[in-house]
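Down below is the structure, laid out as structure tokens.
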Amino acid sequence: MIIMVTSGSEKQYIDLYEQARQTIMDHAPEAMNAVRDEAFRDFTASGFPTRKVERYKYTDLQELFAPDFGVNLSRLQIPVDPYEAFRCDVPNLSTSLYFVVNDMFYRDDKPKGHLPEGVIVGSLRDHADLVAKYYSKLAKTSEDAVTALNTMLAQDGMLVYVPKNVKVDRAIQVINILKALPQNAQRVVTDLMVNRRVLIVLEEGAEIKMLFCDHAADDHNFLATQVIEAFVGENASLDLYCLEETHAKNVRVSNVYIDQQRGSRVNHNVITLHNGTTRNRLDLTFSGEGAECQCYGCVIADKQQHVDNNTLIVHKVPHCTSNELYKYVLDDKATGAFAGRVLVEHGAQKTSSQMTNQNLTATREARMYTQPMLEIYADDVKCAHGSTVGQLNDAALFYMRQRGISLDEAKLLLQNAFINEVIDHMQLEPLRDRLHYLVEKRFRGELNKCEGCKLCK
């Protein structure tokens, strides 16, 4: 059964749930169903936030969720060759490769690469006890309408579990493929809504590197909500990379929630190379002393693309370190937004925090909104923040022109150097090398030439 969502931003989803509640639950595990009604009540009570809400002032959610989208509630199988869909982006990284087709964990192929004993990478359906213990514990549905909507409608997802003191040397690569219904389906739906869910659990001393790649295999309208919950135990280490290369008809709204215990380390990276409208939210909390996080973001946008990154880092305990660096390059009529907030609570002494947002606008029509914020309730801290919005350095352009470099090539070199500062911080070396190549192709316009996935063949 494919149910079409009809007019009205909030009402259409409320009506959908009331009409199809049993169908949703019949195709989902008990742990997900246990919190579904509460999420529905929270969504009904709050509705989508307007742009008057501080954390959503740069993206109109009501407009994004207003169109009609099909929702695959009966979990119809959508034929796809994931290796064909993933033929051209970040290959040969020596990773353990997994696929999520729309919002269903792909079970038809075993991943390449052996996992250490006790490590789980699989569907939320297959691990009831673990899922029940952790699912929806960080992502509070009462605090965010998108999280509530995702919890209300999501029927499957991915679980990543690493036991105590286990180190996963081989990176886990997850390919999120957006795929429309086949032409011989009962009803052809060109506009499709998907609701992905990811649960990451690292026990004490565990280590893992994860790369999520978003791709659109069809030239249709897609609306993708995503909620990632990551529990990082004492002295554990998580490297999390999120790379988006979809197309102009894709809307992506992603919420990431991370909780860090004593002595843990998180390296979070979000890279937007090709998209339509993207809204990324990161909520990270230090719950144990001596933890640290490095958060990096790079955005390349042109045409009418819109990218909004919103971060909140909460220092609840002393002796924690956070560092943020986000860079944007905007061309044509693209719009970018960065709003970062660091909250240092009472008693969180010896906090160290640095937040930096730097942006280039290549045209007068490009727009960048930046809002770094510090909220500090402790007196023995070292915190700083800053942001810049500007254009390419005229003196540097003139210097290169005088040495025979064309204007276009000079601009490309300066833009590359600007954005590569973020990429050079990434710890996954094969990805770092590949991104240097993809970023250059993106600036040259060569990633626009393919149909469907919009990537290079």
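Inspect segment 242-249 for any residue being under 30 Å from Asp331 (Cβ atoms), in a loop (DSSP other than H, G, I, E, B) and open to solvent by 10 Å² or more (accessible area, probe 1.4 Å) and give the result as yes or no. Write out each step before concluding.
The initial filter retains those residues of segment 242-249 that are under 30 Å from Asp331 (Cβ atoms), namely 242-249.
Now narrow it down to the ones that are in a loop (DSSP other than H, G, I, E, B): 246-249.
Going one step further and asking which of them are open to solvent by 10 Å² or more (accessible area, probe 1.4 Å), we end up with 248-249.
So far as segment 242-249 goes, yes, one or more of its residues are under 30 Å from Asp331 (Cβ atoms), in a loop (DSSP other than H, G, I, E, B) and open to solvent by 10 Å² or more (accessible area, probe 1.4 Å).
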Restricting segment 7-26 to residues that are open to solvent by less than 30 Å² (accessible area, probe 1.4 Å) and over 12 Å from Leu153 (Cα atoms), the residue that is modelled with the lowest pLDDT: Ser9
Some residue of segment 326-347 being under 30 Å from Leu407 (Cβ atoms), open to solvent by less than 30 Å² (accessible area, probe 1.4 Å) and of a type in the set (Lys, Arg): yes
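With the requirement that a residue be assigned to a loop (DSSP other than H, G, I, E, B) and either in contact with a helix residue (DSSP H, G or I) (Cβ under 6 Å, 6 or more places away or on another chain) or open to solvent by 40 Å² or more (accessible area, probe 1.4 Å) (or both), what does segment 297-325 give you? Spell out the reasoning first.
Our first condition is that a residue be assigned to a loop (DSSP other than H, G, I, E, B); within segment 297-325, this holds for 302-305, 316-320.
Hits for segment 297-325 are Lys303, Gln304, Lys316, His319.
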Hits in segment 269-294 - residues which are in contact with an Asp or Glu (Cβ under 7 Å, 6 or more places away or on another chain), under 17 Å from Ala236 (Cβ atoms) and part of a strand (DSSP E or B): Thr285
Segments classed as helices (runs of 4 or more DSSP H), wholly inside segment 357-443, with at least 1 members that are touching a Gly at 6+ places or on another chain (Cβ under 9 Å) and crowded, with 16+ Cβ neighbours inside 10 Å: 407-423
All positions within segment 11-58 that are in contact (Cβ under 8 Å) with a residue 12 or more places away in the chain and part of a loop (DSSP other than H, G, I, E, B): His27, Ala28, Pro29, Ala34, Val35, Gly47, Phe48, Pro49, Thr50, Lys57, Tyr58
Residues satisfying the stated conditions in segment 254-293, i.e. over 25 Å from Asp424 (Cβ atoms) and among the hydroxyl-bearing types (Ser, Thr, Tyr): Tyr257, Thr277, Thr285, Ser287
Only one of Gly263, Gly290 that is open to solvent by 10 Å² or more (accessible area, probe 1.4 Å), touching a Pro at 6+ places or on another chain (Cβ under 9 Å) and not basic (Lys, Arg): Gly290
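Report, by residue number, each residue of segment 76-108 that is in a loop (DSSP other than H, G, I, E, B) and either at pLDDT 85 or above or in contact with a Leu (Cβ under 9 Å, 6 or more places away or on another chain) (or both). Let's see the steps before the verdict.
Our first condition is that a residue be in a loop (DSSP other than H, G, I, E, B); within segment 76-108, this holds for 76-81, 86-95, 102-103, 106-108.
Passing the criteria: Leu76, Ile78, Phe86, Arg87, Cys88, Asp89, Val90, Leu93, Thr95, Asn102, Asp103.
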Given (1) of a type in the set (A, V, I, L, M); (2) at pLDDT 80 or above; (3) under 22 Å from the mean Cα position of the chain (by Cα), index of the condition Ala384 fails: (3)
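The values are calculated or read from the model by the stated rules, or taken from the named source; none is laboratory data. Computed from a predicted model, the values in this text were never measured in an experiment. With ideal geometry, Cβ positions are generated from the backbone for all residues, glycine too; neighbour counts draw on all protein chains shown. When the accessible area is computed, the model is the full protein with side chains, heavy atoms only, and any ligands, DNA or RNA have been set aside. Shrake-Rupley method; radii C 1.70, N 1.55, O 1.52, S 1.80 Å.
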